[in-house]
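To start, the structure under review is shown below, and the notes come after it.
Quick note: the coordinates plus some simple rules give every number you see, no bench work behind them. Since the structure is predicted, the reported quantities are computational estimates derived from the model, not experimental observations. Cβ: placed from backbone, ideal geometry, glycine included. Neighbour counts: every protein chain shown.
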Amino acid sequence: MKKYRVILNGQNFKIESNGKLERMGFYTTRWVQAEDSQGAELKAIDLVREDSSLKVSIRNIPGDPPMIYLDELSEIASFEGINVPGAGYSFYPDEDKNKIQC
């Protein structure tokens with residue numbers, strides 16, 4: 001199996017912060033093994049979707065789901081020195097004016 005670094009961009013995540021509901025986006029990196037780049041993308045997205053610490057924070061209603069997009073994908077030679085599969089998120093305010101406000 002090939003090894004990949006996958007950077008994902010989450011958008012439209014409604015998260016409660018300091019008692020206030022905020023629309024947030026994030027970037028995160030996941031390190032995965034897969035047969036091909038498409039499999040690597042899907043595996044990385046599944047890792048984020050199944051992250052219990054993220055899941056308990058999301059406050060979206062069914063008609064306004066959060067989305068996860070591939071930002072960057074690269075095949076790498078080895079996982080040496082890398083904490084696989086990766087963790088954590090770099091959040092930012094998701095201020096897309098075309099979206100319904102929280």
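Observations on the structure shown:
- In sequence order, segment 35-47 has phi-based couplings of 5, 8, 5, 5, x, 5, 4, 5, 5, 5, 4, 4, 4 Hz under the Karplus curve 6.51 cos²θ - 1.76 cosθ + 1.60, θ = phi - 60°, and Gly or Pro positions carry x.
- Divide the volume of the convex hull around the Cα atoms of segment 2-93 by the residue count and you get 97 Å³ per residue.
- Under the shape rule built on the C-alpha gyration tensor, where the axes satisfy a ≥ b ≥ c, segment 47-89 is oblate, since a/c reaches at least 1.5 while a/b does not exceed b/c.
- A Förster radius of 41 Å, combined with the Cβ-Cβ distance separating S37 from S57, puts the computed FRET efficiency at roughly 0.90.
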